[in-house]
Amino acid sequence: MDKYTLKTAFRKSFLGMVWRIEADTTATLLAIETRNEDTGMPLFSAIEYDSGVPFMDEKPYGDRTWSLAGIVEDNLILRAWGQHTPDGAGIACINATTGDVLWEQFNYTLVAIQHRQLVVRHRNFASGYEQRMNPLDGNLTQINNPATKPDAPKIVLPERYRDDKPLFLERYPIQGDLFYCQVGDRMVWAFHEVSDHTYCIRIAVSRGLKMLADRVMVSGLARMAPELFFMINNQVFFIGDNKREIVSYLV
């Protein structure tokens, strides 16, 4: 039997700092908002995460009040925040594969994304009076109950491990909490270690009581990260290089 190994799915570096990530698991797309560290201006990217193919690479749009709201039907939905309030008028749609701006609406505030439609409110109303907007063209529409689609893979966040440390992890100098996810018959573990007065994040994969593989995924952290990783199917995602890189492995 072949020796078990962690296989790199993709590694993507950014000029800006990773600020927000949204996933469309039906289309196997990641939408990423990065920010210029000096100006705070947003940049938007899209990656086909199972292949690592980048479609859109740090495309600028709007000023620092604009942010990524979600991804619907291969399109990034952007929203504006108010200067002094959470709500701001402004919604835009950028095609994830071409980077083209498909439409803009400056008279509406985005309230939510529900059932692959946008819930919006006219800028003249502070609350209530919600309407539906078609994410494909930015036009107001009636409530639509879309046809049933195959269930998309879920985005899984790790759980905090609350029992005694497993024996196969005893040799690791774990700092802080131990986190885990189950993938089929395997367990994926992640934790912090201290190295040269900085923190690193190590991943380990086990089956039963046997350790299969381990690797340091992120290093040089000034402090422990509040969120270590997330998973889609058997693919694990980390944010590294001081929030300037996304790396993914198959486990």
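The values are calculated or read from the model by the stated rules, or taken from the named source; none is laboratory data. Note that this is a predicted model, so its numbers are computed, not measured. Positions of Cβ are backbone-derived with ideal geometry, glycine not excepted, and every protein chain shown enters the neighbour counts. Side chains included, ligands, DNA and RNA excluded: accessible areas come from the protein's heavy atoms. Shrake-Rupley method; radii C 1.70, N 1.55, O 1.52, S 1.80 Å.
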- [ ] Could you figure out which of (1) surrounded by 16 or more Cβ atoms within 10 Å (Cβ to Cβ); (2) aliphatic (A, V, I, L, M); (3) closer than 20 Å to Gly70 by Cβ; (4) modelled with pLDDT of 95 or more isn't true of Ala89?
- [x] (4)
- [ ] Please tell me if Ser219 is among the hydroxyl-bearing types (Ser, Thr, Tyr) and either in contact with a helix residue (DSSP H, G or I) (Cβ under 8 Å, 6 or more places away or on another chain) or closer than 19 Å to Ala9 by Cβ (or both).
- [x] no
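Just give me the residues in region 36-65 being surrounded by fewer than 19 Cβ atoms within 10 Å (Cβ to Cβ), in a loop (DSSP other than H, G, I, E, B) and within 15 Å of the chain's Cα centre (by Cα), in sequence order. If you could, list the steps in order and put the result at the bottom.
From region 36-65, those surrounded by fewer than 19 Cβ atoms within 10 Å (Cβ to Cβ) are 36-41, 48, 50-55, 57-65; that's our starting set.
Okay, now just the ones that are also in a loop (DSSP other than H, G, I, E, B), so 36-41, 50-52, 61-65.
Result: Asp50, Gly52.
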Open item on the list: With open to solvent by less than 40 Å² (accessible area, probe 1.4 Å) and in contact with a Lys or Arg (Cβ under 7 Å, 6 or more places away or on another chain) as the only criterion, which of Glu33, Glu73 stands out?
Closed with: Glu33
TODO: Quick one: which strands (runs of 3 or more DSSP E) lie wholly within region 155-251 and hold at least 3 residues that are farther than 25 Å from Glu58 by Cβ and open to solvent by 30 Å² or more (accessible area, probe 1.4 Å)?
DONE: 175-183, 186-195, 198-207, 210-221
- [ ] Output yes when any residue across region 99-114 is at pLDDT below 90 and touching a strand residue (DSSP E or B) at 6+ places or on another chain (Cβ under 7 Å), and no when none is.
- [x] no
Task: When residues of region 76-86 are limited to those that are touching a strand residue (DSSP E or B) at 6+ places or on another chain (Cβ under 9 Å) and part of a loop (DSSP other than H, G, I, E, B), the one surrounded by the fewest Cβ atoms within 10 Å (Cβ to Cβ) - done: Gly82
Task: Single residue of region 159-206 satisfying the filter (touching a strand residue (DSSP E or B) at 6+ places or on another chain (Cβ under 7 Å) and polar (S, T, N, Q)) that is farthest from Val247 (Cα to Cα) - done: Gln175
Task: Filtered residue count, region 92-118, keeping only those that are of a type in the set (S, T, N, Q) and not in a loop (DSSP other than H, G, I, E, B) - done: 5
Task: Subset of region 6-23 [open to solvent by 20 Å² or more (accessible area, probe 1.4 Å) and not in a loop (DSSP other than H, G, I, E, B)] - done: Lys7, Thr8, Ala9, Arg11, Lys12, Ser13, Met17, Trp19, Arg20, Ile21, Glu22, Ala23
